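Heads up, the thing below is written out as structure tokens.
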Amino acid sequence: MTTAPAPLTVRDVTVRFAGLTALDAVSFTVEPGSVHAVIGPNGAGKSTTFNVLSGVYRATSGSVHLGDTELTGLAPHRIAGLGVARTFQNLALPPHATVAESLMLGRHRLTRAGFVASGLRLPSATREARRHLERVREIAAFIGLDKELGFPAAALPYGKQKLVELGRALCMEPEVLLLDEPIAGMTADERRRTAAVVAGVRDSLGISIVMVEHDMGVVMRLADAVTVLDFGRRIAGGTPAEVQNDPAVVQAYLGAQE
Amino acid sequence: MSETTKDTAAPAPAGAFAGPSLTGRLRRPAPYLWLAGSVLLLLFPFYLDRFWLQAGLFAMAAAIGAIGLNLLTGSTGQLSMGHAFFLAVGAYGYCVLGGGSSTENGHALTGLGLPTWLAAVLAVLLAGAAGGLFSPIAGRLSGAYLGIATLALIFIGQHVLFNAGSLTGGFNGRPVPPLSLFGFTFDDAEVVVAAVPFQSSEKLWYLGLAALLASGLFARGVLRGRPGRALNAIRDHRIAAGVMGVPVARYRAGVFVLSSMYAGLAGVLLALVFQRTVPEYFGMILSLEYLAMIVIGGLGSVAGAVIGAAFVSLLPQVLTHYSDSLPLVSAPGTGGIAPGEASRYLYGAAVVAVVLFLPGGIARLKNPGEKKK
Amino acid sequence: MTTFIELLLGGLSIGSVYALIALGFVVIFKATEVVNFAHASLLLAGGYVTAVLHDDIGFWPALGVGIAGAAVVGSAVEFLVMRRYRGSDQSVLAIVTIGVDILLTTELVRRMGTDVMSLGDPWGDDVVTVGGVTLAETRIAAFLVAGLLITVFLLAFRFTSWGVSMRAAAENPQTAALMGIRLGRVSLSAWAVAGALAAVAALFLTVFPTPGLERATSLAALKAFPAAILGGLDSTTGALVGGLVVGVTESLATGYQGDLSFLGRGIGDLAPYLVMVAVLLIRPAGLFGTKELSRV
């Protein structure tokens, strides 16, 4: 049973620390089931936005809502519990774990076995683990990692590792997926595969996707809507075509840059 | 699903978690070594003298404590220098709960006189509760801040142990009531088994083995399951862990409590073996020894904790026993290096050597690169 | 009232010595992000060298050699041990320093045995009385020397290229290296400086009114840890404030022990740790420490 997906609304979010204004009254809305790209030159505040959305940074002012639920000010694990998943630009995979174990971490908020149940290997814990491992296998197959489940994740090529990271976020069964540069550093082949996975996630799972990306080709192809940031401010937004021709955007990327 | 697994070929997709199949396992030497080792361990009390049995019991208690510290520091990355405090809570808690009120050398000692098996259980829970009291700190801090904050526990502990005379016996310590379980008392009253006289050391041996086995299995279960993944995530990528739904502070506090209970259990066992509690023992040096144990054995590994504990705790015993035949080492009091000092040199050097040359500790020697739990 | 002032002044002066030790600890942390649990043994080493030599070559030369010696030991630890670690786990590095500490302390304590050694300082047990308040000359010297050294360091960190490269290396080693900062040199100098500071502190921890250099001196040196923590591990100002807080707390708690006897004997040694815990409950990064800004 799926509940009606909700829009992610960002309203006037400002983030200030140590005298620096990283985000200045940024607003945008991610329609449910769409791919929304956040682009901008380096230092524009894209990662900061993600950190605010996932609760890692606290917004100085403004709000973030998922549907009617307010996300601002919540601890990261609570936001995760409400259905927001994210990947990391620099990969946050456990250094020694297998792919399957890495993916299972994503199931954390959906499982319940605690210290006692796991330590005593109670049947409830083993049953739960088996059930969720099955689901992990399904998700791994969906993104094309089913053959690598037993491999140590750190031994995989970079592109596959990013895919594991994506898979782990998917294992959280999120409503909103935040992808931080999902195809950076990949070969052309890997890029195509990941782009297909992202499109597949949107189309068949109906998950809203917010994507920070530099590769304009992918953005133009995949994104339903784009928000452009520069110096912490939203300077343009709309469909990829609209944004591509917006003079403010062109100037931000090519114009007065140091 | 077809199982065409060979032991050393590509990892079986069906067994993403499981290791090689049962027939695969039976073809290797490891299980037979385990069997032989277990049989030896069970037979030791029939052949070893008290000195070695006591040394072995110290090692078992140390192993239980080390497994606990490993959960906290090795698997979750929370440096703690306060382990000795919880050992003291366990040891002294058992004495206070299980001992009767008495007077020793003119000092009154209070005791609740509970049945000793209950006192032992409650002492472990008490250690956990003490860990729980510290959780506002243990949950929110990490790294050096936590390490030095836990140092405060040591000093608080020492202060209480030396001052709360009626509870702790001050600098004299307390006698330890022998454990009684189902009418069987683990004391020095001789019981003859297979023509071998069994005293406290022999009786406690099996209790110790059982406790160690249970502790090890429980820890393995935790590490292999959902909590273990969460703990490792906290160690490796704290922020990512939170973002993935792991309530970081709660898990940090939880593992701190669990680790404290392991220390409490180790403390109870130590008290039973020593038959006397002594306040100086539970100082900072003991905490440092436990840290050395888990590093030498291998952080994040239950087996490693046991190996490291055996190494560090047996070293002084071995050196003392053979001090005559070893160069440099001599009996305490005469010239040369005392066994206690010599063992400290050795395990201090071992810590440095292991970290620099054997990352992953001794436990990872067997399977370099493979993740060991 | 005079008792209070005496205790306060005494606390400030011993506090400045703790600040000196904490400063060395913080210098290493700021430069390398390593928590140096071997610091107390560096202190012991410096004091030991001075104590052993002062009879033969006089106090000031012996002190000089002691300071140099401790600096050498610190550098040796950095060069032979710390630098060789290839991993990135901070817990492990901290535990390595614990291993080094065990080695150094065992060796020094074995040499010292149960002796109480004097460092031959020139102040002896002279005291100065001003307006009814009596203060040992050693305490005044401690305060002045420590104050001077700490000021020099605070200025050096902020204004000299050494200080800047040290802070840069701590903040972002890769970028610093790309900018031409020799990380190895920064690290080495941090450890050497820490050793030297510890040796100076050793002097003031072993003069009147303490009996001299003995095993227990390393326990006194331990008090620098809560000082550094409650001030904030990466803050030199924090080391200063933390040291003074610890010193004053210890002095007042010991001085009024008679009134506090219900808390048990030796509350003076415990009080600084309790203050530290209290501070950490309110400010988990210490008074002046920077709260981790996540770099994701």
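No value in this document is a laboratory result; all are computed from the given coordinates. In this text the structure is predicted, and so the values were computed from the model without any measurement. Virtual Cβ from ideal backbone geometry, glycine too; neighbours counted across all protein chains shown.
Return A:F115, A:F142 ranked ascending by Cβ neighbour count within 10 Å, so the fewest neighbours appear first.
Lowest count first: A:F142, A:F115.
Can you order the peptides C:62-72, A:171-181 by their average number of other Cβ atoms within 10 Å per residue, highest first?
Top of the packing list down: A:171-181, C:62-72.
Given only helices, namely DSSP H runs of n ≥ 4 each adding -39500 (n - 2.57), what is the per-residue ellipticity at 222 nm of the protein assembly as shown, to the nearest 500 deg cm²/dmol?
Here the helix-only value at 222 nm equals -19000 deg cm²/dmol.
Mind listing the long-range amide H neighbours of B:Q78? Cut-off is under 5 Å, sequence gap 5 or more, other chains count too, H placed in the peptide plane at 1.01 Å from N.
Long-range HN contacts for B:Q78: B:T73.
With a ≥ b ≥ c taken as the square roots of the eigenvalues of the C-alpha gyration tensor of the protein assembly as shown, please select rounded if a/c is under 1.5 and otherwise prolate if a/b is larger than b/c or oblate if it is not? Working shown, then result.
Details: a/c = 1.99, a/b = 1.27, b/c = 1.57.
Oblate, because a/c is 1.5 or more while a/b does not exceed b/c.
Please give every one of the aspartates and glutamates within straight-line cross-link reach of A:K147, meaning a C-alpha to C-alpha distance under 19 Å, and leave out same-chain neighbours fewer than 8 residues apart.
List returned: A:E101, A:E134, A:E138, A:E165, A:D189, A:E190, B:E3, B:D7, B:E370.
If I take R0 = 60 Å and measure r between the Cβ atoms of B:L217 and A:T29 in this structure, what FRET efficiency does the formula 1/(1 + (r/R0)^6) give, to the nearest 0.05?
Computed FRET efficiency for B:L217 and A:T29 comes out at 0.70.
How long are the three semi-axes of the equivalent ellipsoid for the stretch A:168-258, computed from the Cα gyration tensor as the root of 5 times each eigenvalue, in whole Å, largest first?
Equivalent ellipsoid of the stretch A:168-258: 25, 15, 12 Å, largest first.
Restricting to bridges with both residues inside the protein assembly as shown, how much of the DSSP beta-bridge set is antiparallel, in percent to the nearest 5?
Numbers: 35 of 52 bridges.
In the protein assembly as shown, approximately 65 percent of DSSP beta bridges are antiparallel ones.
Quick one: P(r) of the stretch B:47-283 from all Cα-Cα pairs, 5 Å bins, percents rounded to integers, in order of increasing distance.
For the stretch B:47-283, the pair-distance distribution reads 1, 7, 14, 18, 17, 15, 12, 8, 5, 3, 1, 0, 0.
Please order B:S80, B:S101, B:S180 by the number of other Cβ within 10 Å, starting at the fewest.
Numbers: B:S80 29, B:S101 11, B:S180 15.
Going from sparsest to densest Cβ surroundings: B:S101, B:S180, B:S80.
Could you give me the ³J(HN,Hα) list for the stretch B:280-295, computed from phi with Karplus coefficients 6.51, -1.76, 1.60 and θ = phi - 60°, whole Hz, x at Gly and Pro?
In residue order, the calculated couplings are 4, 4, 8, x, 4, 4, 5, 4, 5, 4, 5, 5, 4, 4, 6, 6 Hz.
C:T237 versus C:R182, label points 7 Å from Cα toward the beta carbon: distance in nm?
Going by the 7 Å Cα→Cβ label model, 3.3 nm.
When chain B is modelled as a GNM with alpha-carbon springs shorter than 10 Å, which of B:A194, B:A263, B:A350 fluctuates the most?
B:A194
Report ³J(HN,Hα) in whole Hz for each residue of the stretch C:247-253, in order, from the Karplus equation J = 6.51 cos²θ - 1.76 cosθ + 1.60 where θ = phi - 60°; Gly and Pro get x.
x, 5, 4, 4, 5, 5, 5
Is there a simple number for the mean count of other chain Cβ atoms within 10 Å of the Cβ of residues in C:276-283, and what is it?
Mean number of neighbouring Cβ atoms from other chains: 3.
What number, in percent, do you get for the relative contact order of chain B if the mean sequence gap of Cα pairs under 8 Å and at least 6 apart is divided by its residue count?
Dividing the mean separation by the residue count of chain B yields 26 percent.
Apply the Kirkwood formula to the stretch C:2-219: the hydrodynamic radius equals the inverse of the mean of 1/r over all pairs of different alpha-carbon atoms; give it in Å with one decimal.
Working: mean 1/r = 0.0553 Å⁻¹.
For the stretch C:2-219, inverting the mean 1/r across all distinct Cα pairs yields 18.1 Å.
If you put +1 on each Lys and Arg Cβ and -1 on each Asp and Glu Cβ, how big is the dipole of the protein assembly as shown around its Cα centre, in Debye rounded to 20?
In total the dipole reaches around 2300 debye.
Pull up all non-local amide H partners of A:V35: gap of 5 or more, or a different chain, and H-to-H distance under 5 Å with H placed in the peptide plane.
The answer is A:I209, A:D224, A:A225.
Which order do B:W205, B:W34, C:W60, C:W123 fall in if you start with the one that has the fewest other Cβ atoms within 10 Å?
Result, fewest neighbours first: B:W34, C:W60, C:W123, B:W205.
Quick one: putting +1 on the C-beta of Lys and Arg, -1 on the C-beta of Asp and Glu, what dipole do you get for chain C around its Cα centre, in Debye to the nearest 20?
1100 debye
Show me, for the stretch A:191-199, the HN-Hα J-couplings you get by feeding each phi into the Karplus relation (A = 6.51, B = -1.76, C = 1.60, θ = phi - 60°), rounded to Hz, glycine and proline as x.
Those phi angles translate into 4, 4, 4, 5, 4, 5, 4, 4, 4 Hz.
Which of B:L33, B:V246, B:G147 sits closest to the plus end of the dipole of chain B, meaning its Cα is farthest towards the positive end, when Lys and Arg get +1 and Asp and Glu get -1 on the C-beta?
B:V246
Compute from the Cα atoms of the stretch A:34-87 the Rg and the Dmax, the latter being the longest Cα-Cα distance, and quote both in angstrom.
Rg, Dmax (Cα atoms, Å): 11.4, 32.
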